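Structure, as structure tokens:
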Amino acid sequence: MADHPIPVAVFALAALVAMAACSRPGFAQSNPKCDPVDPISDAGWSVVPSLETIGKVDSAPYQAGASGDWFIDRTMTLLPFCNYYNDIGIYSMRSYTLSRQVTKERIGICKTTPAGGSAAIAPYAGPCPPK
């Protein structure tokens, strides 16, 4: 591995980018459980699990709770991958996907202010109450 520092660095950077792309605050996710590589027959190969977003659907805004705050329901569909690479970054055709993961999350978009108005909750930048 020390003989190929650039491909290993590129591989590590790609893994970090994939993890950052999948991370969202308040979003429960788990890395897929991939088959381990055999250290004897698969010498030089490593497995990199990743989660790819393949769908995102937001519901219509709705008002809920005693305070009258506004929410949406976001449904996310993720596809877990088990990617196999060798020391120089070559992708293996042994890579595979697992069953998709579908999750639903309630996201606040507007909150009631003490003055009785309504204010947007970041990152929502639309009008409050929503139209």
Working note, region 47-87: Cα radius of gyration (Å, one decimal) and Dmax (Å, whole number) are 17.7, 57
The ³J(HN,Hα) series, computed from each phi in region 34-41 with the Karplus coefficients 6.51, -1.76 and 1.60 at θ = phi - 60°, rounded to the nearest Hz and given as x for glycine or proline, is 9, 5, x, 7, 7, x, 8, 7
Just how much of residue 48 is accessible, in Å², when a 1.4 Å probe is used and the result is rounded to the nearest 10?
30
Sequence-distant residues sharing a close amide H with residue 31 (under 5 Å, placed H):
none
So how far apart, in nm, are the two label points at residue 59 and residue 119 if each is 7 Å from Cα heading toward Cβ?
2.6
Starting from region 28-102, pick out the trypsin sites (Lys or Arg not before Pro) whose DSSP state is loop and whose Cβ has at most 11 other Cβ atoms within 10 Å.
33
At 1.4 Å probe size, with no ligands or nucleic acids counted, give the accessible surface of residue 54 in Å², nearest ten.
90
Under a 5 Å amide H to amide H cut-off, with H placed in plane at 1.01 Å, what residues pair with residue 109 once short-range neighbours are removed?
70, 71, 72
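The values are calculated or read from the model by the stated rules, or taken from the named source; none is laboratory data. This is a predicted model, so every value here is computed, not measured. Because the Cβ atoms are built from the backbone with ideal geometry, glycine has one as well, and the counts that use them run over all protein chains shown. Surface accessibility is based on the protein's heavy atoms, side chains included, excluding ligands, DNA and RNA. Shrake-Rupley method; radii C 1.70, N 1.55, O 1.52, S 1.80 Å.
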